[in-house]
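One structure below.
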Amino acid sequence: MGRVTTPPEEDPNNGIPVQQPGTPNQRTGVPVSQFAPPNYHQANVNLSVGRPFSTGLFDCHADQTNAVMTAILPCVTFGQIAEVLDEGETTCPLGSFIYLLMMPALCSQWVMGSKYREKIRRKFNLVEAPYSDCASHVLCPCCSLCQEYRELKARNLDPSLGWNGILAQRQYESEAPNFAPTNQYMSK
């Protein structure tokens, strides 16, 4: 009982091992999906599938102003990111204050940083690479914040404008007439 056996000579399965009813599958070569519950594969979706970030983790030179600001005051960059991702619910000063309070507390700012990194990945279907969200913010928090900032900026959500600035920019762009560049004073 509980063994995987091969059928006798008149082999209808062409030598493929057959799972005996009621036995667990342990290295039998039989696909697990035959014995998995109906929603097993849907519940265990790999979250590392998605598109890559638009810039690399260590591409801080791509936006030098942000890199310097983040190196000196990472709490401000975090506040800007939090305001945009929370769509104005968390203001930049509040996000900055929360991050600032967590910095001296055993350097626990990585908790909030990784939470918002996960939020940006889920929002834009980004892959968790080259490191996990937690590892990125523990090992290189400034690089992680800069990458998140650049990602939002690349998606036309400039964190330096704040949420109200982004909304104003969108409204202006939607109301601005689309003029074709013409020179009415030139004639042939």
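Computed values, structure above
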quantity	calculated
Residue count, region 76-128 (criterion: in contact with a helix residue (DSSP H, G or I) (Cβ under 9 Å, 6 or more places away or on another chain), outside any helix (DSSP H, G or I) and polar (S, T, N, Q))	3
Selection from region 49-60 of residues that are closer than 13 Å to Leu145 by Cα, surrounded by fewer than 16 Cβ atoms within 10 Å (Cβ to Cβ) and of a type outside the set (Asp, Glu)	Gly56, Phe58
Tally of residues being in a helix (DSSP H, G or I) and surrounded by fewer than 19 Cβ atoms within 10 Å (Cβ to Cβ) across region 144-172	12
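Conditions tested, residue by residue: (1) surrounded by 14 or more Cβ atoms within 10 Å (Cβ to Cβ); (2) among the charged types (D, E, K, R); (3) more than 23 Å from Asp63 (Cβ to Cβ).
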{"site": "Cys92", "(1), (2), (3)": "yes, no, no"}
{"site": "Lys119", "(1), (2), (3)": "yes, yes, no"}
{"site": "Pro130", "(1), (2), (3)": "no, no, no"}
{"site": "Cys134", "(1), (2), (3)": "yes, no, yes"}
{"site": "Ser174", "(1), (2), (3)": "no, no, yes"}
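No lab work stands behind these numbers, since they all come straight from the coordinates. All values derive from a computational prediction rather than experimental measurement. Counting neighbours? That spans all protein chains shown, and the Cβs are built from the backbone with ideal geometry, glycine included.
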